[in-house]
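I have placed the structure first, in the form of structure tokens, so that the comments after it can refer back to it.
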Amino acid sequence: MSNYHIKHLEEYFQVYRKSVRNPESYWEEIAEEHFMWHKRWDNVLSYDFEKPEFKWFEGAQLNITENCIDRHLRTRGDQTAILFEPNNPDEEALHITYNELHDRVCKMANVLKAEGIEKGDRVCIYLPMIPELAVAVLACARIGAIHSVVFAGFSSTALATRINDSNCKMVITSDGSFRGSKTIDLKGIVDEGLKKCDSVETVLVVNRIDSGVEMKEGRDKWLQPLLDTAEATCEPEIMDAEDPLFILYTSGSTGTPKGMVHTTAGYMVYTAFTFKNVFQYRDGDVYWCTADIGWITGHSYIVYGPLANGATSVMFEGVPSYPDYGRFWEIVDKHKVTQFYTAPTAIRALAKENLEHVEKYDLSSLKVLGTVGEPINEEAWHWYDENIGKKKCPIVDTWWQTETGGIMISPIPYSTPAIPTFATLPLPGIQPALMDEEGKEIKGNQVDGRLCIKFPWPSMARTIWGNHQRYKDTYFSAFKNMYFTGDGALRDSVGYYRITGRVDDVVIVSGHNLGTAPIEDAINEHPAVAESAIVGYPHEVKGNALYGYVILKETGETRNQDNLRKEINQLISDRIGPIAKLDKIQFTSGLPKTRSGKIMRRILRKIASNDTSNLGDTSTLLNPEVVQEVMDNVIK
Ligand code: 6R9
């Protein structure tokens, strides 16, 4: 058992060394002791970085929902599994026990089966943060259907692209959602999106806001009546270790989103193991991750990781600012939350508000605080430490990605001394490397480079749905025999890692990964736009905000620039979602380009960030004169 729960620094180093010396026996021991298998694996790991192909626990058979639900029923059937806190603070919280979760998941699984969903089928889940979302995810896993959760803040076009990419047969949605004082017409968005999707046969609709939406005959069905008559037991489908568990889309540097495919056994073992260690979860704790299940953080650390450990996991439907900026802290107080996991952008937003919102509440239940999604700046770290943790809660700055499935670099509370802005040390089994631009590993400390991982780990994504070549090109081609993360990092004098940000064309806005290319594609649809380039620039609250450089077509007419800005943002909102809107739009006659015609985003990024002291050599550009023009007209 000692392998599974690390309790001090010496133990960490000991475990880490063991995990690197013999990764296979390390993970084998964990898999053996802590999970339920129908058949044992024949082989712990086989891999080939060239193909690339990675297989963990090959030959093993299991069902992840038995590990997340059934095996806890005897010992903790009446313990809360999911604690649902509604958007409206006056609506009662719902304590769903493991017994109840079992029944709900089985009923939903039986409904899916009755609607013709079989093992391997793709089911798109487009739901707000209500219990049905977690239940739908688990119901898919119960019967071996592959879930593809799409964040319910995405537009109809973004939804349609994702449904079509993986040919989903079904969509599970709700009539609408509550978000603070607003309601959102989710069903309307689905209806609009589905005009462009042929693969969807059935839409199951949860009644959340009672808005009386239109139901399309033969396609749409209210979920509740189907659940009411469904059986509360459903034999789990026996899955192979490497059967796909889910697809989750993440932004890429080129147009279409990448459907990252995660498989069953390795993902389960790794998310469960990291949950236990990074949050030091103990029986009786109440753990709360504020992410949406539409992102990987919610998949791994609201649903699978916590439930695999028999934990109580809070699910919050609302927003941190409703009914006021004290909502998070009210919830911590009300449910006596012990571990709290959020994003730096949320911390920065809340730190701007009056401290009274924090001081009103008793936060003494808290033991561990976490952050994820982007680098946390020092100021936000200290605010979190002082005002929320009262300087007695370790903060875990967890670095990882949709592609990595689970947390990769993070302090372990009470083991790793934390330093603000450092994700610190790799978790057991994780072997980071910093690479230079020539593809050589940079050894030693006090260095920086491109962050790669040089040995497989159990929860790595196995492919991009329908495009293995893109998987290879994106992650395994830049550096030989390495997984390339797309991030830059530095390693300090004691070997701690600090993530310095993306080195590719992805901007992280309020913790959301946004590819610049799809945003540019959306803008370029505007009839007046000739070309555009999007970059990120530092923003006090959002971490980064988006800055757009737009070249207009020469039509001879003069247009109102403010109206154009509005129209451009509306287009982005329709095509991608409001989160991708631009904060600043500069109209320009040209964009700095290399001789091969590639836009020099590095320069544009510097100009947008007001950091023009060192633009580098611009003389080799195709159009060096344009740099001055762009600088002169920059929007401050
Ligand atoms: C889990 C998640 C991944 C990208 C990643 C990096 C950034 C995440 C971070 C962090 C600095 C941290 N990132 N955690 N940067 N410190 N603790 O966020 O997945 O949405 O795929 O984003 O987020 O740039 O490459 P995903």
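The values are calculated or read from the model by the stated rules, or taken from the named source; none is laboratory data. Given the structure is predicted, the values throughout are model-derived calculations rather than measurements. Glycine also receives a Cβ, built like all others from the backbone with ideal geometry; neighbour counts cover every protein chain displayed. The accessibility values were calculated without ligands, DNA or RNA, using every heavy atom of the protein model including side chains. Shrake-Rupley method; radii C 1.70, N 1.55, O 1.52, S 1.80 Å.
The residues of the range 231-278 that are open to solvent by less than 10 Å² (accessible area, probe 1.4 Å), of a type in the set (G, A, S) and either modelled with pLDDT of 95 or more or away from the ligand (no atom under 16 Å from the Cβ) (or both), listed by number, are A241, G259, A265, G266, A272.
For (1) under 28 Å from the mean Cα position of the chain (by Cα); (2) part of a helix (DSSP H, G or I); (3) of a type in the set (V, I, T), each residue gets a yes or a no:
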site: I6; (1), (2), (3): yes, no, yes
site: F13; (1), (2), (3): no, yes, no
site: R17; (1), (2), (3): no, yes, no
site: Y26; (1), (2), (3): yes, yes, no
site: E32; (1), (2), (3): no, yes, no
site: M36; (1), (2), (3): yes, no, no
site: Y47; (1), (2), (3): yes, no, no
site: W56; (1), (2), (3): yes, no, no
site: R71; (1), (2), (3): yes, yes, no
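Filtering the range 510-554 to residues that are among the polar types (S, T, N, Q) and modelled with pLDDT of 90 or more leaves S510, S532, N544.
When S609, S573, S589 are screened for being touching a residue at least 40 places away in the same chain (Cβ under 8 Å) and either open to solvent by less than 30 Å² (accessible area, probe 1.4 Å) or at positive phi (or both), only S573 passes.
Counting only residues that are away from the ligand (no atom under 15 Å from the Cβ), open to solvent by 40 Å² or more (accessible area, probe 1.4 Å) and either at pLDDT below 95 or more than 25 Å from S300 (Cα to Cα) (or both), the range 358-378 holds 5 of them. Count of the range 404-455 residues, restricted to those that are over 18 Å from H5 (Cβ atoms), within 12 Å of the ligand (Cβ to nearest atom) and not hydrophobic (A, V, I, L, M, F, W, C), is 6. Name the residue that is modelled with the highest pLDDT, counting only residues in the range 436-462 that are open to solvent by 10 Å² or more (accessible area, probe 1.4 Å) and part of a strand (DSSP E or B). Filtering the range 436-462 for residues that are open to solvent by 10 Å² or more (accessible area, probe 1.4 Å) and part of a strand (DSSP E or B), the one modelled with the highest pLDDT comes out as E441. Within the range 477-487, one or more residues are more than 29 Å from N164 (Cα to Cα) and of a type in the set (K, R). Look at (1) at pLDDT below 95; (2) within 8 Å of the ligand (Cβ to nearest atom); (3) open to solvent by less than 30 Å² (accessible area, probe 1.4 Å) and you find that T398 fails only one, number (1).
Here F340 clears all of (1) modelled with pLDDT under 95; (2) within 16 Å of the ligand (Cβ to nearest atom); (3) under 22 Å from the mean Cα position of the chain (by Cα) except the condition numbered (1). The set of residues from the range 147-171 being open to solvent by 10 Å² or more (accessible area, probe 1.4 Å) and among the β-branched types (V, I, T) comprises T157, T161. When the test is whether a residue is open to solvent by 10 Å² or more (accessible area, probe 1.4 Å) and within 19 Å of S166 (Cα to Cα), R104 does not pass it. Being within 18 Å of the chain's Cα centre (by Cα) and either open to solvent by less than 30 Å² (accessible area, probe 1.4 Å) or free of Cβ contacts under 8 Å to residues at least 60 places away in the same chain (or both) is the requirement here; does G429 meet it? Here the answer is no, as G429 does not meet what is asked.
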